[in-house]
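Colleague: Have a look at this one.
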Amino acid sequence: MSKIQQLQEIINSSDRIVFFGGAGVSTESGIPDFRSESGIFKSLKKYGDTPENLISHSYYLDHTEEFFEYYKDTLVFSDAEPNPAHLKLAELEKAGKLKAVITQNIDGLHQKAGSKNVLELHGSIHRNYCQICDKEYSLDHIMNSDGIPRCECGGVVKPDVVLYEEPLNNAVLNLSVDYISSCDTLIIGGTSLVVYPAAGLINYFNGKNLVLINKSETAYDNLANLVINDSIGEVLSQIKVQ
């Protein structure tokens, strides 16, 4: 039996699937990941600083205008479209199989594909708030602003994304733990499982089937019922939803 057939059987026999995904889910939509040779961290080096510093809370406070230049240049891909992975997950949710998508991505492509219950651990480029009055702004406001995006009240409009040195949203994190601890199948895709605390979520899984789909090996492969080293879109596009 092929690995795709094994995955199909696992999905067919599951009632409460949760998907946990990372940057690799969106690479097939033209959005680079962080740590590969063509990733975002490499592209940030042209600015002469470390990626961890350029997208840190401290840098945002001390060099706000430069931060937004980097942010718009390297982290926002507003023309990206959902790929087969996003679309299949939305289809599985609509069929009642998939209960939640937990994502480390900030691109909003799961929602664009039709997924309803999406938990965004690192926030979203599509939510932006004034730091003084909390008024919400669209991504267009950020992208069309010269220099620092401002609210009509004069405050800085900050993207609702988690920067280095910032904590994850506790409500989103706790809900993610609830879903993972109560699902019968956890499918993890497009993540190397090295970024904490998000990677630690796997430790809350108590279900029957743990599936890891990633182009490269992860430190958790030995714990999985099924490991598929391939692109997540290529794999999920072969799954039939019943």
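Colleague: Report relative contact order for region 54-145 in percent, whole number only (criteria: Cα-Cα under 8 Å, sequence separation at least 6).
Modeller: 20
Colleague: Turning to a different aspect of this structure: Just the number, please: Stokes-Einstein D of the chain in µm²/s, Kirkwood Rh from C-alpha pairs, 10 °C, 1.306 mPa s.
Modeller: Answer, rounded: 85 µm²/s.
Colleague: Return a whole-number percent for the relative contact order of the chain, with Cα pairs under 8 Å and 6 or more residues apart as the contact set.
Modeller: 25
Colleague: Something else now. If the reach is capped at under 15 angstrom between alpha carbons, list the aspartates and glutamates near residue 97, excluding any in the same chain fewer than eight residues apart.
Modeller: Qualifying aspartates and glutamates at Cα under 15 Å: 9, 15, 184.
Colleague: Between exposed trypsin sites (Lys or Arg not before Pro) in the chain, where DSSP calls loop and at most 15 other Cβ atoms lie within 10 Å, what's the longest gap?
Modeller: Excluding the exposed sites themselves, the longest stretch runs over 36-115.
Colleague: While we're looking at this one, here's another question. So how far, in whole Å, is the C-alpha centre of region 141-159 from the one of region 171-192?
Modeller: After rounding, the separation between the Cα centres reads 34 Å.
Colleague: Solvent-accessible area of residue 57, probe 1.4 Å, all protein chains present, reported in Å² to the nearest ten, please.
Modeller: Taking all protein chains as shown, residue 57 has close to 60 Å².
Colleague: Taking 0.36 nm per residue of separation and subtracting the Cα-Cα distance, what length does fully extending residue 148 through residue 13 add?
Modeller: Between residue 148 and residue 13, full extension yields an extra 43.5 nm.
Colleague: Where only protein heavy atoms count, and the probe is 1.4 Å, what is the accessible area per residue for the chain in Å²?
Modeller: 47
Colleague: Using only Cα atoms, tell me the angle between helix 3-12 and the longest principal axis of the chain; keep it within 0 to 90° and round to the nearest 10.
Modeller: That helix lies at roughly 90 degrees to the long axis.
Colleague: Could you give the size of the charge dipole of region 107-242 about its Cα centre, using +1 on the Cβ of each K and R and -1 on the Cβ of each D and E, expressed in debye and rounded to the nearest 20?
Modeller: Rounded to the nearest 20 debye, it is 300 debye.
Colleague: Out of residues 5 or more away from residue 16 or on other chains, whose amide H comes under 5 Å of its own, with H placed 1.01 Å from N in the peptide plane?
Modeller: 184, 185
The values are calculated or read from the model by the stated rules, or taken from the named source; none is laboratory data. Just so it is clear, the model here is predicted, and its values are computed rather than measured. Every residue, glycine as well, gets a Cβ built from its backbone with ideal geometry; the counts of neighbours run over all protein chains shown. For accessibility, only protein heavy atoms count, side chains too; no ligands or nucleic acids. Shrake-Rupley method; radii C 1.70, N 1.55, O 1.52, S 1.80 Å.
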